[in-house]
Each structure stands twice: as structure tokens, then as C-alpha cells.
1. Can you pull out the residues in the stretch 168-204 that are farther than 16 Å from Leu121 by Cα and either in contact with a helix residue (DSSP H, G or I) (Cβ under 6 Å, 6 or more places away or on another chain) or among the charged types (D, E, K, R) (or both)?
2. Could you tell me whether Ile101 is of a type in the set (A, V, I, L, M, F, W, C), under 18 Å from Arg172 (Cβ atoms), in contact with a helix residue (DSSP H, G or I) (Cβ under 9 Å, 6 or more places away or on another chain) and modelled with pLDDT of 95 or more?
3. Which of the following residues is touching a His at 6+ places or on another chain (Cβ under 9 Å) and among the charged types (D, E, K, R): Arg97, Arg185, Arg172?
Amino acid sequence: VEANGETGTNAPVLDLSDEVGAWRDHGLLGVALHPAFENTGWIYLAYVVDRHHLMFAGTEEYDPTTNTYFEATIARLTRYQLNQSNDGEWVVVPGTRTVLIGSSPSTGLPILHQSHGIGTLMFAEDGTLLLSFGDSAAYGPVDVGGQVPGGYITQALADGILRPEEDVGAFRAQLVGSHCGKILRLDPDNGNGVPSNPFFDPLAPDAPQ
């Protein structure tokens, strides 16, 4: 949709259906344009990754038509650059896909249940990128850690999606060293934390804290 409210073609600018895990409360839930989009062309996307894509993309075992849902996976933050073609349609600039958070199972935002995952993606007035993420805990029984009904803790621990010290259920929201239950304040250029964040470590700018 253009600024004047008119739509272009019916073709999507970008199709991530082979990568996005669209099940239960999950899917592509966060979209934001860079404040200087007219100059940068940057668009940011926050979504849950289909487990099959997470584990097998780039290997001979990968099948883009296969989806593996209701198992442990991660949420991911990516950036693409858009440009207008000669006919005025917005298109993705080839080779501009950049994974800012979640390039691997151990660096993503852990998806451990059927809800309480990725949330809102938006820019603050100071130009930082804000990303909300749930506690990734169970929404039924009190979740204090360990395997819960409808959850995937054992699998996540085995895959490195969840660190043992994070196996405390909803209390992950109180762990400084966990992405869960937080609003992440990020540098939109690289996905790192920003120096004015209260727990920023210049020696580990991409660490959860």
C-alpha cells in the first residue's frame, strides 16, 4: 500500500512462508519500517521459525513444503532492503537478508510453548528498535520449570535452544541473562543492545543482557 492509499500489484513484496512457523499464537507478528525508510529501504520482520527450516535449511534434508509445528523452535528478527523497480513496484534487493537475532538455535528467542512468544516490533522516538517477547512459558498450569503440558522444554534443552539456567518457567522473565519476558532495545543496524541499556556489556553487545 502506497502513501496515498493505493495498492500496487497483488504480488507480495516478500514471501517467507517456507521459513515462518504459523501455528497457534505464532507466526509473523512484527513488522516495522526504518524511520528513514525512504533512504535506507530497510524493513524489519519478527517471526517464529518453522522448526524444519531451523534445523535443516541449507542441507539436503530440507524440504520447503515441510512444516514442523508444536515442537521447540526459536523466534527470529531479520532485516531486508526494499527498492522500487522501474515500474514503481517495491521489490527486495537480492542479497540483503540480514538476521539480527536468531541466526542459529542457540542465538534465537526460545519458543517453548504454544503462546507467550514474539510480540510487537516498533521504533522508539530515539531511533532504537523495540521488540517485545513473552516469557515462553505455559499459560495453563503454574510454570516453574521442567517439562509442562503442551511445552517442549526437554527438546529445547537438547537442541541448545534453552540454556539449563533458563529452565525456570515463567521466572525467565526475571533473569537478566534471558531474552524471555522482556522488551529488547536494539541497535537497528546490527541487532545488538545499545550502550545506554542498563545491563549493556561492550565486550558482549549481543548477549541477552
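1. Arg172, Ser178, Asp201
2. Details: of a type in the set (A, V, I, L, M, F, W, C): yes; under 18 Å from Arg172 (Cβ atoms): yes; in contact with a helix residue (DSSP H, G or I) (Cβ under 9 Å, 6 or more places away or on another chain): yes; modelled with pLDDT of 95 or more: yes.
Taking the combined requirement at face value, the residue satisfies it.
3. On the way: Arg97 fails: touching a His at 6+ places or on another chain (Cβ under 9 Å); Arg185 fails: touching a His at 6+ places or on another chain (Cβ under 9 Å).
Among Arg97, Arg185, Arg172, only Arg172 is touching a His at 6+ places or on another chain (Cβ under 9 Å) and among the charged types (D, E, K, R).
The values are calculated or read from the model by the stated rules, or taken from the named source; none is laboratory data. Quick caveat: nothing in here was measured; it's all calculated off a predicted structure. Quick reminder, even Gly has a Cβ in these numbers, built from the backbone with ideal geometry, and neighbours come from all protein chains shown.
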